[in-house]
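Please read the structure below before turning to the comments.
Since every read-out is calculated from the coordinates, none of them should be taken as a lab result. It should be emphasised that the depicted structure is a prediction, and the values quoted were computed from it without experimental measurement. Neighbour counts run over all protein chains shown; Cβ positions are idealised from the backbone, glycine included.
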Amino acid sequence: ALAALRPRDLAGRRVVVTAGGTREPLDPVRFLGNRSSGRQGVAIAEAARDRGAEVVLIAAHLEVPAPPGVELREVATAQELRTATLAVAADADVVVMAAAVADYRPESVAEAKIKKEQQGDELTLRLVRNPDILAELSAHPAAGRTVIGFAAETEPGDEALLALGRDKIARKGCDFLVLNRVGWTEGFATPDNSIVIVSRGGDIVTEASGSKRQVADAILDLVG
Ligand code: CTP
Ligand code: CA
């Protein structure tokens with residue numbers, strides 16, 4: 001029924017979706033990661049495909065299967081995600097940055113497994129900043145391209161959450177920012193989601209909740 005309500009309004013459009021969570025290696029067997037499952041990003045890729053778009057899914061450690069009918073590019077680290085995204089963003093009509101990108105990576109990656117015997121009772125990790133892909137895309141706008149960012153925040157209050165979102169979109173410079181609340185029990189492996197979308201000027205343009213597919217369609221309505 002939903003498919004009938006939304007005809008192929010993205011036919012011929014090129015949509016790039018990043019999804020999942022990057023992992024930054026510490027040594028050959030360990031990494032710093034995050035709890036993103038990739039479900040919301042995968043739902044967006046699927047919805048865009050169903051609405052007729054040509055979809056590239058840039059996937060970092062998805063916990064769910066990648067949908068058929070989209071071009072899949074698998075990446076591990078933030079730097080790989082950046083390279084893959086910039087390579088396809090140039091002629092995209094829409095870029096959706098749903099991936100949870102590591103803000104920092106270990107300054108150096110150990111060649112061999114880190115051993116307790118060499119470290120003793122404490123281990124200090126030195127991390128360096130990763131490039132901000134969303135800010136970079138937004139700093140070099142392409143004519144006719146819409147860039148959509150995500151912000152998953154732990155702020156419990158609605159007004160404070162919105163204030164964080166408005167600050168963030170002003171800093172990032174993307175066209176839209178999809179805000180949602182996350183926590184120990186909310187947001188990650190769950191089938192449902194609840195979002196607010198703000199425009200660059202800080203206005204609320206959409207509020208949606210429901211299945212990740214319903215939320216995906218509400219996000220794509222921004223460009224449909
Ligand atoms: N993002 C990105 N590159 C990074 C970090 C984040 O492209 N190195 C993107 C994410 O994919 C997301 C948006 O930026 O679409 C917001 O990510 P978020 O972590 O909420 O924002 P940050 O600017 O990293 O701020 P914070 O300190 O709150 O983590
Ligand atoms: Ca971040």
If one takes the longest principal axis of the Cα atoms in the chain, at what angle in degrees, from 0 to 90 and to the nearest 10, does the Cα axis of helix 158-172 lie? 80
Ignoring everything except DSSP H segments at least 4 long, calculate the 222 nm mean residue ellipticity for the chain; use -39,500 (n - 2.57) per segment, divide by total residues, nearest 500. -8000 deg cm²/dmol
With everything on Cα atoms, drop me the angle between helix 39-50 and the longest principal axis of the chain, reported from 0 to 90° to the nearest 10. 40
With +1 assigned to the C-beta of every Lys and Arg and -1 to the C-beta of every Asp and Glu, and no other charges, what is the dipole magnitude of the stretch 1-106 about the Cα centre in debye, to the nearest 20? 180
Could you give the distance between the Cα centres of the stretch 184-224 and the stretch 106-179, to the whole Å? 19
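At 0.36 nm per residue, minus the direct Cα-Cα distance, what do A135 and S211 gain on full extension? Give it in nm, one decimal, please. Could the numbers behind the result be given before it?
Numbers: separation 76, 0.36 × 76 = 27.36 nm, distance 2.85 nm.
Length difference between fully extended and current span is 24.5 nm.
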With N residues in the stretch 124-176, what two-decimal value do you get for its Cα radius of gyration over 2.2 N^0.38 Å? 1.39
With Kirkwood's inverse mean 1/r over C-alpha pairs for Rh, give me the Rg to Rh ratio of the chain, two decimals please. 0.99
Please grab the % of Cα pairs in the stretch 139-210 that end up more than 15 Å from each other. 53
Between P67, P131, P156, where does the largest GNM mean-square fluctuation fall for the chain, given springs only between Cα atoms within less than 10 Å? P156
Stretched fully, the stretch from E74 through D167 gains (0.36 nm per residue minus C-alpha distance, one decimal, in nm) 30.4 nm
Could you pull out every one of the aspartates and glutamates with an alpha carbon less than 17 Å from that of K116, ignoring same-chain neighbours closer than 8 positions? D27
Contour minus Cα-Cα span, Y104 to Q119, at 0.36 nm per residue, comes to 3.2 nm
In nm, to one decimal, how far is the modelled label at E111 from the one at L32, with both set 7 Å along Cα→Cβ? 2.3
What's the angle, to the nearest 10 degrees (0 to 90), between helix 78-89's Cα axis and the longest principal axis of the chain? 30
